[in-house]
1. Could you give me D for the chain, from Stokes-Einstein at 4 °C and 1.567 mPa s, where the hydrodynamic radius is the Kirkwood radius over C-alpha pairs? Units µm² s⁻¹, please.
2. Accessible area per residue for the chain in Å², computed with a 1.4 Å probe and the full protein assembly in place, what is it?
3. Output the 0 to 90 degree angle, nearest 10, between the alpha-carbon long axis of helix 77-90 and the longest principal axis computed from the alpha carbons of the chain.
4. Please give the length that would be gained between residue 93 and residue 30 if that part of the chain were fully extended, namely 0.36 nm times their separation in residues minus their C-alpha to C-alpha distance (nm, one decimal).
5. Just want the answer: with Cβ charges of +1 for Lys and Arg and -1 for Asp and Glu, which residue in 39, 141, 1 is farthest toward the dipole's positive end in the chain?
6. Measure nothing but the geometry: give the 0 to 90° angle between the long axis through the Cα atoms of 57-73 and the longest principal axis through the Cα atoms of the chain, rounded to 10°.
7. Working from Cα positions, state the angle (0 to 90°, nearest 10) between the long axis of helix 111-124 and the longest principal axis of the chain.
8. Work out the length of the dipole vector of the chain about its Cα centre, built from +1 on the beta-carbon of each Lys and Arg and -1 on the beta-carbon of each Asp and Glu, and round it to the nearest 20 debye.
Amino acid sequence: SFEYLLGRIDPDNLRVRENLQLLRASLHCRIAIVEGRSAAKELAQLRGLIEASTLQPHRLLSYQGVLIESLYDAGLDAEALEFAPRVLAFNPNHPRTLLVSAKAEARQRNREAALDYLSRYLEVMREADESHVRVDRARQLHDRLAPSS
(Lines give C-alpha, C1' and ligand atoms only; values in the text may rest on other atoms or scores of the structure.)
Protein backbone atom coordinates (compact mmCIF):
# COMPACT_ATOMS: atom_id res chain seq x y z
CA SER A 1 0.00 0.00 0.00
CA PHE A 2 1.02 3.59 -0.47
CA GLU A 3 0.91 4.20 3.26
CA TYR A 4 3.41 1.41 3.82
CA LEU A 5 5.73 2.83 1.17
CA LEU A 6 5.38 6.37 2.52
CA GLY A 7 6.22 5.11 6.00
CA ARG A 8 9.37 3.39 4.75
CA ILE A 9 10.77 6.32 2.79
CA ASP A 10 13.51 8.32 4.44
CA PRO A 11 11.87 11.57 5.65
CA ASP A 12 14.66 13.52 3.94
CA ASN A 13 13.68 12.10 0.55
CA LEU A 14 10.94 14.65 -0.11
CA ARG A 15 10.88 14.24 -3.89
CA VAL A 16 10.05 10.53 -3.74
CA ARG A 17 7.49 11.12 -0.98
CA GLU A 18 5.83 13.89 -2.98
CA ASN A 19 5.74 11.77 -6.13
CA LEU A 20 4.09 8.90 -4.26
CA GLN A 21 1.50 11.24 -2.75
CA LEU A 22 0.69 12.66 -6.17
CA LEU A 23 0.49 9.18 -7.69
CA ARG A 24 -1.82 7.99 -4.92
CA ALA A 25 -4.08 11.04 -5.29
CA SER A 26 -4.25 10.70 -9.08
CA LEU A 27 -5.11 6.99 -8.81
CA HIS A 28 -7.82 7.72 -6.25
CA CYS A 29 -9.32 10.31 -8.64
CA ARG A 30 -9.44 7.89 -11.54
CA ILE A 31 -10.84 5.06 -9.39
CA ALA A 32 -13.61 7.26 -7.97
CA ILE A 33 -14.65 8.36 -11.45
CA VAL A 34 -14.50 4.85 -12.91
CA GLU A 35 -16.62 3.60 -10.02
CA GLY A 36 -19.13 6.38 -10.64
CA ARG A 37 -18.62 7.96 -7.22
CA SER A 38 -18.33 11.65 -6.57
CA ALA A 39 -14.66 12.45 -6.84
CA ALA A 40 -14.88 15.88 -5.21
CA LYS A 41 -12.65 14.96 -2.29
CA GLU A 42 -10.10 13.19 -4.48
CA LEU A 43 -10.04 16.00 -7.04
CA ALA A 44 -9.54 18.60 -4.32
CA GLN A 45 -6.71 16.57 -2.82
CA LEU A 46 -4.93 16.12 -6.15
CA ARG A 47 -5.35 19.77 -7.05
CA GLY A 48 -4.02 20.82 -3.64
CA LEU A 49 -0.99 18.55 -3.96
CA ILE A 50 -0.24 19.89 -7.43
CA GLU A 51 -0.56 23.50 -6.32
CA ALA A 52 1.63 22.92 -3.24
CA SER A 53 4.19 20.84 -5.11
CA THR A 54 7.86 21.67 -5.00
CA LEU A 55 8.53 19.53 -8.08
CA GLN A 56 9.69 21.10 -11.29
CA PRO A 57 6.81 21.84 -13.70
CA HIS A 58 7.76 19.14 -16.22
CA ARG A 59 7.52 16.53 -13.44
CA LEU A 60 3.92 17.55 -12.76
CA LEU A 61 2.60 17.22 -16.32
CA SER A 62 1.27 13.68 -15.97
CA TYR A 63 -0.50 14.52 -12.70
CA GLN A 64 -1.92 17.71 -14.17
CA GLY A 65 -3.14 15.70 -17.15
CA VAL A 66 -4.91 13.27 -14.82
CA LEU A 67 -6.47 16.19 -12.95
CA ILE A 68 -7.76 17.86 -16.11
CA GLU A 69 -9.08 14.59 -17.52
CA SER A 70 -10.68 13.67 -14.19
CA LEU A 71 -12.35 17.08 -13.94
CA TYR A 72 -13.72 16.60 -17.44
CA ASP A 73 -14.86 13.03 -16.70
CA ALA A 74 -16.60 14.30 -13.56
CA GLY A 75 -18.51 16.82 -15.70
CA LEU A 76 -16.56 19.79 -14.34
CA ASP A 77 -15.73 21.31 -17.72
CA ALA A 78 -15.29 24.87 -16.45
CA GLU A 79 -12.76 23.75 -13.83
CA ALA A 80 -10.86 21.67 -16.39
CA LEU A 81 -10.75 24.64 -18.74
CA GLU A 82 -9.64 26.90 -15.88
CA PHE A 83 -6.70 24.62 -15.06
CA ALA A 84 -5.68 23.83 -18.66
CA PRO A 85 -3.93 27.16 -19.42
CA ARG A 86 -1.43 26.50 -16.61
CA VAL A 87 -0.34 23.29 -18.27
CA LEU A 88 -0.37 24.76 -21.75
CA ALA A 89 1.65 27.77 -20.59
CA PHE A 90 4.44 25.39 -19.65
CA ASN A 91 3.91 22.92 -22.48
CA PRO A 92 1.69 24.25 -25.31
CA ASN A 93 1.81 20.82 -26.96
CA HIS A 94 0.61 18.68 -24.04
CA PRO A 95 -1.64 16.23 -25.94
CA ARG A 96 -3.92 15.17 -23.09
CA THR A 97 -4.62 18.77 -22.11
CA LEU A 98 -5.32 19.81 -25.70
CA LEU A 99 -7.72 16.92 -26.29
CA VAL A 100 -9.58 17.26 -23.00
CA SER A 101 -9.84 21.02 -23.48
CA ALA A 102 -11.29 20.46 -26.96
CA LYS A 103 -13.88 18.01 -25.62
CA ALA A 104 -14.77 20.31 -22.71
CA GLU A 105 -15.17 23.30 -25.04
CA ALA A 106 -17.32 21.20 -27.39
CA ARG A 107 -19.49 20.03 -24.51
CA GLN A 108 -19.91 23.68 -23.50
CA ARG A 109 -20.85 24.45 -27.10
CA ASN A 110 -17.87 26.71 -27.72
CA ARG A 111 -17.23 25.48 -31.23
CA GLU A 112 -14.41 27.84 -32.22
CA ALA A 113 -12.34 27.14 -29.10
CA ALA A 114 -12.97 23.40 -29.48
CA LEU A 115 -11.81 23.49 -33.10
CA ASP A 116 -8.69 25.43 -32.10
CA TYR A 117 -7.77 22.86 -29.44
CA LEU A 118 -8.56 19.98 -31.81
CA SER A 119 -6.43 21.44 -34.58
CA ARG A 120 -3.53 21.90 -32.17
CA TYR A 121 -3.99 18.35 -30.82
CA LEU A 122 -4.09 16.81 -34.29
CA GLU A 123 -0.99 18.79 -35.28
CA VAL A 124 0.86 17.50 -32.22
CA MET A 125 -0.32 13.98 -32.93
CA ARG A 126 0.51 14.23 -36.64
CA GLU A 127 3.24 11.64 -36.22
CA ALA A 128 1.06 9.32 -34.12
CA ASP A 129 -0.46 6.09 -35.27
CA GLU A 130 -3.49 7.24 -37.24
CA SER A 131 -5.48 4.31 -35.90
CA HIS A 132 -4.94 5.33 -32.26
CA VAL A 133 -8.37 5.59 -30.65
CA ARG A 134 -7.81 9.11 -29.27
CA VAL A 135 -6.60 10.43 -32.61
CA ASP A 136 -9.54 8.79 -34.38
CA ARG A 137 -12.05 10.25 -31.90
CA ALA A 138 -10.44 13.67 -32.16
CA ARG A 139 -10.77 13.56 -35.95
CA GLN A 140 -14.43 12.53 -35.64
CA LEU A 141 -15.12 15.39 -33.24
CA HIS A 142 -13.26 17.80 -35.50
CA ASP A 143 -15.34 16.65 -38.49
CA ARG A 144 -18.57 17.19 -36.52
CA LEU A 145 -17.57 20.67 -35.39
CA ALA A 146 -15.87 21.97 -38.54
CA PRO A 147 -18.09 24.00 -40.83
CA SER A 148 -18.99 22.20 -44.02
CA SER A 149 -17.48 23.55 -47.19
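The values are calculated or read from the model by the stated rules, or taken from the named source; none is laboratory data. Because the structure is a prediction, the values reported are computed rather than measured. Here Cβ is always computed from backbone atoms with ideal geometry, including for glycine, and neighbour counts include all displayed protein chains. Just the protein is used for accessible areas: all its heavy atoms, side chains included, with ligands, DNA and RNA removed. Shrake-Rupley method; radii C 1.70, N 1.55, O 1.52, S 1.80 Å.
1. Calculated translational D: 79 µm²/s.
2. Per residue, the chain has an accessible area of 59 Å².
3. 80
4. Gain in length upon complete extension: 20.4 nm.
5. 39
6. Approximately 60 degrees, to the nearest ten.
7. It is inclined by approximately 70 degrees.
8. It comes to approximately 120 debye.
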